[in-house]
Amino acid sequence: MPREFELCPGRRIGGDNPCFIIAEIGQNHQGDLDIAKRMIRMAKDCGADCAKFQKSELEYKFNKKALERPYTSKHSWGKTYGEHKRHLEFSHDQYRELKKYAEEVGIFFTASGMDECSNGIGRPMVISSGMQSMNTMHQVYQIVKPLNPNFCFLQCTSAYPLQPEDVNLRVIPAYQSAFPDIPIGYSGHETGIAISVAAVALGAKVVERHVTLDKTWKGSDHQASLEPKELAELVKAIRAVEKAMGSPIKQLLPCEMACNEKLGKSVVAKVTIPEGTVLTLDMLTVKVGEPKGFAPEAIFDLVGQKVKKTIEEDETITEQAVENHVKKVKC
């Protein structure tokens, strides 16, 4: 079983712990602090575990020419890419205010470190794998593991919105096999919730989805984000799937007893069987019978046994009708 660790104070991930659900606000706050707070509250109200933003020191993430590049997209907040990014980037003081607000609301707060300067050292890490190869992820593992054992990988495809054929959920079990000592999760940019729920069924211990208050807002991420109702549905569905995973032991459950009493089958006589007859398979069949008798799986155990009273055709075969019957105990 993948090892577990404390991702946030008092909240462990991996192992049998519940899936950690991250509502990624990212920069869908439109550069507005009040909208950012509304989104934190929304994430909490919808049942997410964590509200996540993105933090960049732009001069460390982009070179000068990249920041000066003209940006004429309909999603642009400025004439250049640098102006656009500066509009969406909160200051350190604003992040402190948002963190305090998240604490008041009662939801974990984090921000993706988008450059070398913004990354926290020694803290538990959630590492997304968008735009990477398996070889690269092996290199990342080898670099990070000696420095910080508390990290997990998320399967991710960096397209917005993401088409189902590009999701590749099978990477999740591939990661589980390649990196058995860390939790594996999923970061999705698809529309809807079905694929993210499927990721949990495959064993994802962290699920991260972009969220928005309105998919029609200006910005390239909104279309690939979940609105409040969808986020709430995702959380509910994930928790239901976690319960549904249940036990690997197959057995008749207490909740099935009523149905079993009504429709459970028994061994019955295919023909009239006179007293003293040694049973053969061609004398027996299986039907829903009254009263209950031998279970269907006992039909082969009955072959070769003698009946101590006449059993009429279509009559249930009960223990009382079989001479010296001894139940076989399953090991």
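With respect to (1) of a type in the set (A, V, I, L, M, F, W, C); (2) within 30 Å of N17 (Cα to Cα); (3) not assigned by the TED database to the domain that holds I21, the lone exception for V241 is condition (3). V268 versus (1) in contact (Cβ under 8 Å) with a residue 40 or more places away in the chain; (2) crowded, with 17+ Cβ neighbours inside 10 Å; (3) outside any strand (DSSP E or B): which is the lone unmet condition? Evaluating V268 over (1) in contact (Cβ under 8 Å) with a residue 40 or more places away in the chain; (2) crowded, with 17+ Cβ neighbours inside 10 Å; (3) outside any strand (DSSP E or B) leaves (3) as the failure. Looking at the stretch 31-103, the helices (runs of 4 or more DSSP H) lying wholly inside it that each contain 3 or more residues that are more than 18 Å from C8 (Cβ to Cβ) and in contact (Cβ under 8 Å) with a residue 24 or more places away in the chain sit at 33-45, 58-61, 81-88. Condition test on I107, is it open to solvent by 10 Å² or more (accessible area, probe 1.4 Å) and aliphatic (A, V, I, L, M)? Against the criterion (open to solvent by 10 Å² or more (accessible area, probe 1.4 Å) and aliphatic (A, V, I, L, M)), I107 qualifies.
Considered as a group, the residues in the stretch 51-75 that are hydroxyl-bearing (S, T, Y) and out of contact with any strand residue (DSSP E or B) (no Cβ under 9 Å at 6 or more places or on another chain) include one that is least open to solvent (accessible area, probe 1.4 Å), and that residue is S73.
For the stretch 288-303, enumerate the residues that are among the acidic types (D, E) and touching a Ser or Thr at 6+ places or on another chain (Cβ under 9 Å). The one that is among the acidic types (D, E) and touching a Ser or Thr at 6+ places or on another chain (Cβ under 9 Å): E290.
Test M125 against the stated conditions and say whether it is of a type in the set (A, V, I, L, M) and more than 26 Å from G10 (Cβ to Cβ). For M125, the condition - of a type in the set (A, V, I, L, M) and more than 26 Å from G10 (Cβ to Cβ) - is not met.
Which one is surrounded by the most Cβ atoms within 10 Å (Cβ to Cβ), of the residues in the stretch 115-165 that are out of contact with any Phe, Trp or Tyr (no Cβ under 9 Å at 6 or more places or on another chain) and either in a strand (DSSP E or B) or hydrophobic (A, V, I, L, M, F, W, C) (or both)?
Keep residues of the stretch 115-165 that are out of contact with any Phe, Trp or Tyr (no Cβ under 9 Å at 6 or more places or on another chain), which gives 119-123, 130-133, 135-136, 139, 142-143, 146-148, 157-165.
Retained after the next criterion (residues that are either in a strand (DSSP E or B) or hydrophobic (A, V, I, L, M, F, W, C) (or both)): 121, 131, 143, 147, 159, 162.
Details: I121: 7, M131: 10, I143: 10, L147: 10, A159: 14, L162: 19.
Of everything passing the filter in the stretch 115-165, L162 is surrounded by the most Cβ atoms within 10 Å (Cβ to Cβ).
For the stretch 6-41, the set of residues classified as over 27 Å from F90 (Cα atoms) and touching a Cys at 6+ places or on another chain (Cβ under 8 Å) consists of I13, G14, listed by residue number.
The values are calculated or read from the model by the stated rules, or taken from the named source; none is laboratory data. Remember, it's a predicted structure, so these values are computed and weren't measured experimentally. Virtual Cβ from ideal backbone geometry, glycine too; neighbours counted across all protein chains shown. Accessible surface areas use protein heavy atoms only, side chains included; no ligands, DNA or RNA. Shrake-Rupley method; radii C 1.70, N 1.55, O 1.52, S 1.80 Å.
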